[in-house]
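Enquirer: Questions regarding the structure given below will be posed in turn.
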Amino acid sequence: MSIQEKGNISIHTENIFPIIKKFLYSDNEIFLRELVSNAVDAVQKIKRLAALGQYQGELGSPLVEVSLDEEKKTITISDNGLGMTADEIKKYINQVAFSGASEFVEKFKDAKDANEIIGKFGLGFYSAFMVADLVEIQTLSYQEGAEPARWVCDGSTEFEITEGARSTRGTDIILHINKDAEEFLSKYKLEEILDKYGKFLPVPIKFGTKTTTEPDGEDEEGKPKTRQIEVDNIINTTNPIWTKAPTELKDEDYLDFYKQLYPFSEDPLFWIHLNVDYPFNLTGVLYFPKLKNDFEMQRNKIKLFSRQVFITDEVKDIVPEFLMLLHGVIDSPDIPLNVSRSFLQADSNVKKINSYITKKVADKLQELFNKDRKSFEEKWTDIGLFVKYGIISEEKFNDKAKDFALLTNTAGENFTLNEYHEKVKDLQTDKNGSVVYLYTTDAAKQDSFIQSAGKKGYDVLVMDSPIDNHFINHLEQKLEKTVLKRVDSSVVDQLIEKDEQNEHVLTEEQTEKAKQVFEKAISKPGYQVEVVALHPDEMPVTVTMDEFMRRMKDMAKMGGGMGFYGQMPDNYKVAINGNHKLIGRILAAGSEEEQNKLAKQAVDLALLSQGMLSGSDLTAFVSRSVELI
């Protein structure tokens, strides 16, 4: 009996194709992912039926093949899976997908799993019309006595079913590519898309052949010979490491896989293998890369899969914000995907997955810290940025991380938060009972201030990562009666104010006079002069910016919603050490001109030590120095 049927697909609303193009798919290269995924499903289903004893025929080697005919302008996706009968074509291809666009979208909303529809040739199949103006199906069902069937449709609501030409079990989808999509008639373009979406599909995907060399005996001198042969070009690894049990894997396997994902990256520091089947399904491997204070470069490096089909590397709903710095793979059939599989929806499962991953990462870090603290400390430069980010942005992570987060001082020693408090509390508590942590953002630039603090026995932390500004604020909120001050935000005696005061050697009159001389010598707006009594060994003049003001300006630079501080002019404090002999010398100078010159020189030296002297001011300073020598 020959099959022949023409018909109209019944639709209650306007043509569904424009809706498919605009609404369902945001990106037309997805057609290949959908059609290849469907082909893989069909192959896996026949394997399942054979395993259940419901199919007794010859299975053959599972394979999906993509082929390109540039002359005919066609792309064909073939599989040796289930195949379809003419009735199944009518049911799955015509009715499911065309039961009206609005109904169709409704239907999808309640599906628990994208594959419920995609796997039945319903939805993904129609992405073909994004790139083809004629689509043909040639198929032969696995069912005994089935006849081959052919379906053809030109993207209107008309279709035709006739007898097919396929003689083996499975399906060919033949796309006649339209004018707008001719970019896909390129071997390189197709290979690139297959590599992106199909790199880890569970069934071998063949795309043409490739030339490879194999050993071919030895020549007369006994040297090995090789010959070139054509072999199938299989583009995927069907059993990626996240589908295996951690006990089956060695470190090299994890490192090789990392290189496969990120060919040009340095080796990661360590990794976490995820494997959960309750209360949701999730597998994957997350790697800690070497971060090197490089914050933005690292994002979008986690790839999300659903049953080994690549979905997206926009994972921000599934992975907590701070874990976006990790690299690797997450695979979960439980993550709800909308029709285009491109945008994740907020969903309770996603929230559970999010918490689970946070907990796994914190546990892994705690375990590394407990097991080998020395090695953990060596990696801290890289892990630190990431841990601090987590502490700031995720309360649950903060609760766990406070036990292994480290503070590093200028001597390169590391302390947990509790250890550091114990270390400095006796010496660095001010007269109001607050413990003051001193820190530097640039140890080389702020060296003179660090040395001054060192003379008092004070410790100075290094806080030079891009996130430390926020981390410092976080510590002040979380630690009891603790403030953090940058070591160059004031003279050392004012950083940690004690009850005992240094005696002034200047009289009140001399103090006032010194203030006037320096105010006149500076003659710039935004500089506030005060005379203070410091140790005679301290610098004669110190220029500092107030801690609060500088912090706000730094945040404004990072775009932290402090914009108005960014607009404010810079203000500096100029501390004149009345106990330094140079101040006495300036006051004793014969003429006002001489006083002015020495005061200018002392202020410029202070600015120079902070890298704040440049342009014509620097030139004037150099000439004056030559003159004074």
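Enquirer: So what's the gap between the Cα centers of region 242-260 and region 137-174, to the nearest angstrom?
Expert: Centre-to-centre (Cα) distance: 41 Å.
Enquirer: On to the next question. May I ask you to order 301-314, 463-476, 423-436 by the average number of other C-beta atoms within 10 Å around their residues, highest value first? Provide the component values of the computation, followed by the final result.
Expert: Working: 301-314: 20.7, 463-476: 18.7, 423-436: 14.5.
Packing proxy ranking, top to bottom: 301-314, 463-476, 423-436.
Enquirer: Step through the table entries 456/485; 316/396; 371/478, compare each Cα-Cα distance with 19 Å, and write down the pairs that go over it.
Expert: Among 456/485; 316/396; 371/478, the Cα-Cα distance tops 19 Å for 371/478.
Enquirer: Which pairs break 21 Å Cα to Cα here: 47/206; 259/359; 513/581? Before the final figure, lay out each step's value.
Expert: Working: 47/206 18 Å; 259/359 26 Å; 513/581 15 Å.
Distance filter (> 21 Å) returns 259/359.
Enquirer: Grab the other residues whose beta carbon is less than 10 angstrom from that of residue 85, score K and R as +1, D and E as -1, and report the net. Before the final figure, lay out each step's value.
Expert: Values: positive: 90, 91; negative: 87, 88, 147.
Once all neighbours under 10 Å are counted, the net charge is -1.
Enquirer: If we sort 326-332, 165-171 on the protection proxy, mean other Cβ atoms within 10 Å, highest first, what's the order? If you can, show how the numbers build up before the last one.
Expert: Working: 326-332: 23.3, 165-171: 17.6.
Going from most to least packed, we get 326-332, 165-171.
Enquirer: What lysines sit close enough to residue 210 to cross-link, taking a C-alpha to C-alpha distance under 18 Å and skipping anything fewer than 8 places away on the same chain?
Expert: 187, 189, 199
Enquirer: What lysines could a cross-link reach from residue 6, if we take a straight Cα to Cα line under 22 Å and drop same-chain neighbours fewer than 8 places away?
Expert: Cross-link targets: 90, 91.
Enquirer: Based on the mean of other beta carbon atoms within 10 Å per residue, what is the order of 75-87, 55-67, 594-606, most packed first?
Expert: So the order, starting with the most tightly packed, is 75-87, 594-606, 55-67.
Enquirer: Among bridges DSSP assigns within region 414-566, what percent are antiparallel (round to 5)?
Expert: 10
Enquirer: Also: Using a 1.4 Å probe on the protein chains only, how many percent of the accessible area of region 138-259 belongs to carbon and sulfur?
Expert: Looking at region 138-259 in its full context, I get 44 percent from C and S.
The values are calculated or read from the model by the stated rules, or taken from the named source; none is laboratory data. All of these numbers come straight from a predicted model, not from anything done at the bench. Using ideal geometry, Cβ is built from the backbone for each residue, glycine included, and neighbour counts are taken over all protein chains shown. In case anyone asks, the SASA skips ligands and DNA or RNA and just uses the protein heavy atoms, side chains included. Shrake-Rupley method; radii C 1.70, N 1.55, O 1.52, S 1.80 Å.
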